[in-house]
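The values are calculated or read from the model by the stated rules, or taken from the named source; none is laboratory data. Just so you know, these numbers come straight off a predicted model, no measurement behind them. Here the Cβ positions follow ideal geometry from the backbone for every residue, glycine too, while neighbour counts run over all protein chains shown.
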Ligand SMILES: [Zn+2]
(Lines give C-alpha, C1' and ligand atoms only; values in the text may rest on other atoms or scores of the structure.)
Protein backbone atom coordinates (compact mmCIF):
# COMPACT_ATOMS: atom_id res chain seq x y z
CA UNK A 1 0.00 0.00 0.00
CA UNK A 2 1.41 3.41 -0.95
CA UNK A 3 1.44 6.48 1.29
CA UNK A 4 -1.40 7.93 -0.77
CA UNK A 5 -3.49 4.77 -0.37
CA UNK A 6 -3.04 4.89 3.40
CA UNK A 7 -3.97 8.57 3.40
CA UNK A 8 -7.14 7.89 1.38
CA UNK A 9 -8.19 5.40 4.04
CA UNK A 10 -7.41 7.90 6.80
CA UNK A 11 -9.41 10.64 5.06
CA UNK A 12 -12.36 8.27 4.64
CA UNK A 13 -12.14 7.47 8.38
CA UNK A 14 -11.93 11.18 9.24
CA UNK A 15 -15.12 11.83 7.24
CA UNK A 16 -16.95 9.17 9.24
CA UNK A 17 -15.54 10.44 12.55
CA UNK A 18 -16.85 13.95 11.84
CA UNK A 19 -20.24 12.53 10.82
CA UNK A 20 -20.39 10.42 13.99
CA UNK A 21 -19.89 13.58 16.08
CA UNK A 22 -22.55 15.49 14.14
CA UNK A 23 -19.95 18.00 12.94
CA UNK A 24 -21.00 17.21 9.35
CA UNK A 25 -24.27 15.73 8.07
CA UNK A 26 -25.25 15.39 4.42
CA UNK A 27 -22.88 18.30 3.83
CA UNK A 28 -19.40 19.28 4.97
CA UNK A 29 -16.02 17.76 4.15
CA UNK A 30 -12.43 17.09 5.23
CA UNK A 31 -9.35 17.14 3.00
CA UNK A 32 -5.61 16.55 3.32
CA UNK A 33 -2.67 17.96 1.39
CA UNK A 34 -1.07 15.41 -0.95
CA UNK A 35 1.76 13.52 0.85
CA UNK A 36 4.36 14.09 -1.89
CA UNK A 37 3.03 16.95 -4.02
CA UNK A 38 2.26 20.03 -1.86
CA UNK A 39 0.50 21.66 -4.80
CA UNK A 40 -2.30 19.09 -4.63
CA UNK A 41 -4.83 18.03 -2.02
CA UNK A 42 -7.07 15.01 -1.52
CA UNK A 43 -10.82 15.40 -0.98
CA UNK A 44 -13.77 13.10 -1.53
CA UNK A 45 -16.04 13.45 -4.52
CA UNK A 46 -19.48 14.86 -3.77
CA UNK A 47 -20.80 12.38 -1.20
CA UNK A 48 -22.18 12.66 2.32
CA UNK A 49 -19.22 12.25 4.70
CA UNK A 50 -20.62 9.21 6.52
CA UNK A 51 -20.70 7.31 3.22
CA UNK A 52 -17.21 8.19 1.97
CA UNK A 53 -14.97 5.26 0.94
CA UNK A 54 -11.20 5.45 0.23
CA UNK A 55 -11.88 5.09 -3.52
CA UNK A 56 -14.05 8.25 -3.47
CA UNK A 57 -11.03 10.43 -2.66
CA UNK A 58 -10.03 12.63 -5.60
CA UNK A 59 -6.98 14.86 -6.19
CA UNK A 60 -7.28 18.60 -6.75
CA UNK A 61 -4.84 21.35 -7.61
CA UNK A 62 -4.50 24.51 -5.53
CA UNK A 63 -6.81 26.17 -8.09
CA UNK A 64 -9.58 23.88 -6.81
CA UNK A 65 -9.85 21.99 -10.09
CA UNK A 66 -9.67 18.18 -10.56
CA UNK A 67 -6.03 17.12 -11.02
CA UNK A 68 -6.26 13.32 -11.40
CA UNK A 69 -8.70 12.99 -14.30
CA UNK A 70 -11.41 11.61 -11.99
CA UNK A 71 -14.93 11.63 -13.43
CA UNK A 72 -16.64 11.90 -10.05
CA UNK A 73 -18.66 15.03 -9.34
CA UNK A 74 -16.65 17.29 -7.02
CA UNK A 75 -17.98 19.29 -4.06
CA UNK A 76 -19.05 22.82 -5.02
CA UNK A 77 -17.17 24.22 -2.01
CA UNK A 78 -13.77 22.64 -2.74
CA UNK A 79 -12.43 26.22 -3.11
CA UNK A 80 -12.46 26.53 0.69
CA UNK A 81 -9.74 23.88 0.81
CA UNK A 82 -7.84 25.18 -2.23
CA UNK A 83 -7.70 28.71 -0.83
CA UNK A 84 -6.41 27.62 2.57
CA UNK A 85 -3.71 25.26 1.21
CA UNK A 86 -2.58 27.91 -1.24
CA UNK A 87 -2.32 30.59 1.45
CA UNK A 88 -0.57 28.62 4.17
CA UNK A 89 2.02 25.89 3.41
CA UNK A 90 2.00 24.78 7.07
CA UNK A 91 -1.60 23.57 6.80
CA UNK A 92 -1.96 19.87 5.99
CA UNK A 93 -5.68 19.24 6.64
CA UNK A 94 -8.87 21.31 6.30
CA UNK A 95 -12.46 20.80 7.49
CA UNK A 96 -15.62 22.60 6.40
CA UNK A 97 -18.71 22.20 8.58
CA UNK A 98 -22.20 23.66 8.96
CA UNK A 99 -22.31 22.84 12.72
CA UNK A 100 -25.38 24.52 14.17
CA UNK A 101 -23.78 25.29 17.53
CA UNK A 102 -21.33 27.85 16.14
CA UNK A 103 -23.82 29.70 13.93
CA UNK A 104 -25.14 32.15 16.58
CA UNK A 105 -21.59 33.48 16.93
CA UNK A 106 -21.35 33.96 13.16
CA UNK A 107 -24.35 36.33 13.02
CA UNK A 108 -24.04 38.23 16.32
CA UNK A 109 -21.44 40.61 17.71
CA UNK A 110 -20.57 38.17 20.52
CA UNK A 111 -17.21 36.58 19.66
CA UNK A 112 -16.68 32.84 20.00
CA UNK A 113 -13.71 32.33 22.32
CA UNK A 114 -12.18 29.11 23.68
CA UNK A 115 -13.40 28.53 27.24
CA UNK A 116 -12.84 24.79 27.75
CA UNK A 117 -9.44 23.12 27.82
CA UNK A 118 -10.31 20.67 25.07
CA UNK A 119 -10.95 23.60 22.70
CA UNK A 120 -7.65 25.34 23.42
CA UNK A 121 -6.28 24.26 20.02
CA UNK A 122 -8.98 26.40 18.36
CA UNK A 123 -6.71 29.35 19.25
CA UNK A 124 -7.35 32.61 21.07
CA UNK A 125 -8.88 34.39 18.10
CA UNK A 126 -11.69 33.00 15.92
CA UNK A 127 -12.44 35.50 13.12
CA UNK A 128 -15.80 35.72 11.35
CA UNK A 129 -15.76 35.84 7.54
CA UNK A 130 -18.77 37.42 5.87
CA UNK A 131 -18.96 36.51 2.18
CA UNK A 132 -21.16 39.58 1.59
CA UNK A 133 -18.36 41.98 2.55
CA UNK A 134 -16.62 41.42 -0.76
CA UNK A 135 -19.07 39.47 -2.90
CA UNK A 136 -22.46 41.00 -2.03
CA UNK A 137 -25.54 38.80 -2.21
CA UNK A 138 -24.61 35.18 -2.99
CA UNK A 139 -25.97 31.75 -2.11
CA UNK A 140 -23.43 31.94 0.79
CA UNK A 141 -21.52 28.93 -0.57
CA UNK A 142 -17.83 29.26 -1.49
CA UNK A 143 -17.98 28.34 -5.17
CA UNK A 144 -15.11 30.33 -6.70
CA UNK A 145 -11.36 30.55 -6.27
CA UNK A 146 -11.63 34.24 -5.34
CA UNK A 147 -14.08 33.45 -2.54
CA UNK A 148 -11.82 30.67 -1.24
CA UNK A 149 -8.84 33.02 -1.25
CA UNK A 150 -10.81 35.72 0.56
CA UNK A 151 -11.87 33.24 3.25
CA UNK A 152 -8.25 32.04 3.61
CA UNK A 153 -7.11 35.65 4.03
CA UNK A 154 -9.59 36.13 6.90
CA UNK A 155 -8.51 32.84 8.47
CA UNK A 156 -4.86 33.96 8.18
CA UNK A 157 -2.77 32.03 10.74
CA UNK A 158 -5.75 31.19 12.97
CA UNK A 159 -7.07 27.63 13.25
CA UNK A 160 -10.76 28.48 12.66
CA UNK A 161 -12.78 31.02 10.74
CA UNK A 162 -16.55 31.19 11.25
CA UNK A 163 -18.51 31.79 8.06
CA UNK A 164 -21.46 34.13 8.57
CA UNK A 165 -24.79 32.30 8.52
CA UNK A 166 -23.08 29.22 7.08
CA UNK A 167 -20.59 27.34 9.27
CA UNK A 168 -16.85 27.21 9.81
CA UNK A 169 -13.56 26.34 8.16
CA UNK A 170 -10.83 24.73 10.27
CA UNK A 171 -7.16 24.31 9.37
CA UNK A 172 -4.69 21.95 11.02
CA UNK A 173 -1.09 20.81 10.77
CA UNK A 174 -2.24 17.18 10.97
CA UNK A 175 -5.50 15.37 10.34
CA UNK A 176 -5.73 14.62 14.07
CA UNK A 177 -5.38 18.29 14.97
CA UNK A 178 -8.07 19.43 12.55
CA UNK A 179 -10.39 16.69 13.80
CA UNK A 180 -9.82 17.71 17.39
CA UNK A 181 -10.47 21.37 16.66
CA UNK A 182 -13.60 20.57 14.62
CA UNK A 183 -15.05 18.21 17.23
CA UNK A 184 -14.42 20.45 20.25
CA UNK A 185 -15.35 23.81 18.67
CA UNK A 186 -19.11 23.06 18.66
CA UNK A 187 -18.84 21.70 22.23
CA UNK A 188 -17.08 24.91 23.26
CA UNK A 189 -19.85 26.96 21.60
CA UNK A 190 -22.47 25.03 23.62
CA UNK A 191 -20.64 25.75 26.87
CA UNK A 192 -20.41 29.47 26.04
CA UNK A 193 -24.15 29.60 25.25
CA UNK A 194 -25.02 27.76 28.48
CA UNK A 195 -22.79 30.08 30.50
CA UNK A 196 -24.40 33.14 28.90
CA UNK A 197 -27.80 31.85 29.98
CA UNK A 198 -26.52 31.96 33.56
CA UNK A 199 -26.29 35.72 33.08
CA UNK A 200 -22.76 36.52 34.22
CA UNK A 201 -19.61 37.21 32.27
CA UNK A 202 -17.57 34.67 30.32
CA UNK A 203 -14.03 33.70 31.31
CA UNK A 204 -12.04 32.62 28.27
CA UNK A 205 -8.80 30.63 28.35
CA UNK A 206 -5.85 32.97 28.71
CA UNK A 207 -3.31 33.40 25.93
CA UNK A 208 -0.71 31.64 28.09
CA UNK A 209 -3.05 28.75 28.90
CA UNK A 210 -3.56 28.23 25.17
CA UNK A 211 0.20 28.44 24.58
CA UNK A 212 0.98 25.88 27.29
CA UNK A 213 -1.47 23.40 25.76
CA UNK A 214 -0.15 24.11 22.27
CA UNK A 215 3.46 23.43 23.30
CA UNK A 216 2.66 19.70 23.19
CA UNK A 217 2.22 20.14 19.41
CA UNK A 218 -0.39 18.79 17.06
CA UNK A 219 0.54 15.10 17.38
CA UNK A 220 1.55 12.99 20.32
CA UNK A 221 0.26 9.93 22.07
CA UNK A 222 -2.78 11.73 23.44
CA UNK A 223 -4.04 12.40 19.93
CA UNK A 224 -3.28 8.81 18.80
CA UNK A 225 -5.49 7.65 21.65
CA UNK A 226 -8.27 9.98 20.54
CA UNK A 227 -8.03 8.83 16.91
CA UNK A 228 -8.28 5.20 17.99
CA UNK A 229 -11.34 5.97 20.13
CA UNK A 230 -13.08 8.17 17.55
CA UNK A 231 -12.58 5.57 14.82
CA UNK A 232 -13.93 2.77 17.05
CA UNK A 233 -17.03 4.83 17.93
CA UNK A 234 -17.58 5.70 14.27
CA UNK A 235 -17.17 2.02 13.26
CA UNK A 236 -14.23 2.66 10.95
CA UNK A 237 -11.20 1.26 12.84
CA UNK A 238 -10.57 -1.03 9.85
CA UNK A 239 -9.58 2.02 7.77
CA UNK A 240 -6.69 3.03 10.07
CA UNK A 241 -3.32 1.29 10.52
CA UNK A 242 -2.97 -0.65 13.79
CA UNK A 243 -1.80 1.57 16.67
CA UNK A 244 1.85 1.04 17.60
ZN1 LIG B 1 -20.82 25.00 3.27
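Restricting attention to helices (runs of 4 or more DSSP H) lying wholly within the stretch 50-155, give those where 1 or more residues are exposed (fewer than 14 other Cβ atoms within 10 Å of the Cβ) and away from the ligand (no atom under 16 Å from the Cβ).
Answer list for the stretch 50-155: 131-135, 145-155.
Hey, can you tell me all the residues within the stretch 163-184 that are in contact with a strand residue (DSSP E or B) (Cβ under 9 Å, 6 or more places away or on another chain) and away from the ligand (no atom under 15 Å from the Cβ)?
Within the stretch 163-184, 171, 172, 173, 174, 175, 176, 177, 178, 179, 180, 181 qualify.
What are the pairs, 6+ residues apart or on separate chains, where a residue within the stretch 122-141 that is closer than 23 Å to residue 183 by Cβ and touching a residue at least 24 places away in the same chain (Cβ under 8 Å) has its Cβ under 6 Å from a residue that is more than 16 Å from the ligand (Cβ to nearest atom) and not in a loop (DSSP other than H, G, I, E, B)?
Qualifying pairs under 6 Å: 122/181; 124/207; 124/210.
Would you mind stating whether residue 148 is modelled with pLDDT under 95 and either within 19 Å of residue 31 (Cβ to Cβ) or within 17 Å of the chain's Cα centre (by Cα) (or both)?
no
Every residue, every condition in (1) touching a strand residue (DSSP E or B) at 6+ places or on another chain (Cβ under 8 Å); (2) not in a helix (DSSP H, G or I), yes or no:
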position: 157; (1), (2): no, yes
position: 161; (1), (2): yes, yes
position: 195; (1), (2): no, no
position: 225; (1), (2): no, no
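Looking at 204, 216, 169, can you tell me which residue is part of a strand (DSSP E or B) and either surrounded by fewer than 17 Cβ atoms within 10 Å (Cβ to Cβ) or at pLDDT 95 or above (or both)?
Only one candidate qualifies: 169.
Scan the stretch 233-241 and give yes if some residue there is buried (at least 21 other Cβ atoms within 10 Å of the Cβ) and either assigned to a loop (DSSP other than H, G, I, E, B) or at pLDDT below 90 (or both), otherwise no.
Yes.
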